[in-house]
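What follows is a single structure, written as structure tokens, with notes after it.
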Amino acid sequence: MNFLEERIVKDGVVKEGNVLKVDSFLNHQMDIGLLDQMGAEFKRRFADKPINKILTIEASGIGIACVAAQHFNVPVVFAKKSQSINLDGDMYVAEVESFTHKCINHVIVGQKFLTPDDHVLIIDDFLANGCALQGLIQIVQSAGATVEGIGIAIEKGFQSGGRIIRNLGYQLESLAIVDGMNAETGEIRFREQPVSTNGSLPDGEVCRSSTLD
């Protein structure tokens with residue numbers, strides 16, 4: 001069990017509707033030491049990539065992306081979910097459906113912050129149905145930039161997002177993959193992730209169970 005899985009078991013809360021609450025350490029209150037470990041692990045997994053920019057989406061991905069960026073020594077760009085008076089110039093826009101909030105957002109990135117010369121690592125806290133990632137990928141493609149990889153803190157492996165993104169051919173690295181949860185018992189099943197040379201998961205995934213107190 002890796003460091004993030006251990007923390008999920010210790011402080012995560014499983015709710016009805018396949019909801020995993022990690023707001024005490026990841027996406028409301030943030031444990032910066034844990035985020036630093038995550039950033040170091042993303043750097044290890046994408047060490048061979050010429051990454052010069054990290055892209056995320058507001059709001060929960062920003063903290064993880066910023067701490068990770070220290071390990072890559074690159075800037076962070078975050079896609080905004082609403083137009084504001086602070087945004088000026090031409091924009092890249094993608095439509096994204098939020099699994100958490102059950103709504104449609106138009107995510108926006110200023111064109112001056114993404115160029116064809118950029119080699120981008122996309123980072124986010126959760127991966128469920130993959131809509132947010134597909135929106136960010138669309139923005140990178142619109143800029144003529146290159147998606148070098150995608151780093152996710154927690155992937156819900158029982159939903160389609162991970163499969164969709166991997167089938168598109170991207171190196172997707174999720175630090176914890178949850179294959180099942182039980183709100184009544186607190187049981188959570190993590191997927192074993194031996195990593196191959198290209199960063200993809202091999203066939204024959206293995207699950208293990210833990211119980212959240």
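The values are calculated or read from the model by the stated rules, or taken from the named source; none is laboratory data. Bear in mind that the values here come from a model prediction, so they are computed numbers and not experimental data. Counting neighbours? That spans all protein chains shown, and the Cβs are built from the backbone with ideal geometry, glycine included. Ligands, DNA and RNA are excluded from the accessible area calculation, which covers all protein heavy atoms including side chains. Shrake-Rupley method; radii C 1.70, N 1.55, O 1.52, S 1.80 Å.
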Quiz item: Which condition breaks for Asp48 when tested against (1) touching a His at 6+ places or on another chain (Cβ under 6 Å); (2) open to solvent by 20 Å² or more (accessible area, probe 1.4 Å)?
Solution: (1)
Exercise. Check whether at least one residue in the stretch 5-15 is modelled with pLDDT under 90, part of a loop (DSSP other than H, G, I, E, B) and not hydroxyl-bearing (Ser, Thr, Tyr), and report yes or no.
Key: no
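When you scan the stretch 47-105 for strands (runs of 3 or more DSSP E) that lie fully inside it, which ones turn up with 1 or more residues that are among the hydroxyl-bearing types (Ser, Thr, Tyr), more than 20 Å from Ser142 (Cβ to Cβ) and at pLDDT below 95? Quick ask: steps written out before the conclusion?
Details: elements: 53-57, 76-79, 91-98.
Fully inside the stretch 47-105 and qualifying: 91-98.
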Quiz item: Given the conditions (1) of a type in the set (S, T, N, Q); (2) surrounded by fewer than 19 Cβ atoms within 10 Å (Cβ to Cβ); (3) at pLDDT 95 or above, and given that Asn198 satisfies all but one, which numbered condition is not satisfied?
Solution: (3)
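Which of the residues spanning the stretch 172-184 are open to solvent by 30 Å² or more (accessible area, probe 1.4 Å) and in contact (Cβ under 8 Å) with a residue 12 or more places away in the chain? I'd like the intermediate steps shown before the answer.
As a first pass, look at the stretch 172-184 and keep what is open to solvent by 30 Å² or more (accessible area, probe 1.4 Å): 181-184.
Correct list: Met181, Asn182, Ala183.
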Quiz item: Quick check, is Lys43 part of a helix (DSSP H, G or I), out of contact with any strand residue (DSSP E or B) (no Cβ under 6 Å at 6 or more places or on another chain), at pLDDT 95 or above and among the charged types (D, E, K, R)?
Solution: yes
Quiz prompt | Qualifying positions in the stretch 117-167 - outside any strand (DSSP E or B), of a type in the set (A, V, I, L, M, F, W, C), open to solvent by 10 Å² or more (accessible area, probe 1.4 Å) and under 29 Å from Ile188 (Cα atoms) | solution = Ala128, Cys131, Ala132, Phe158, Ile164
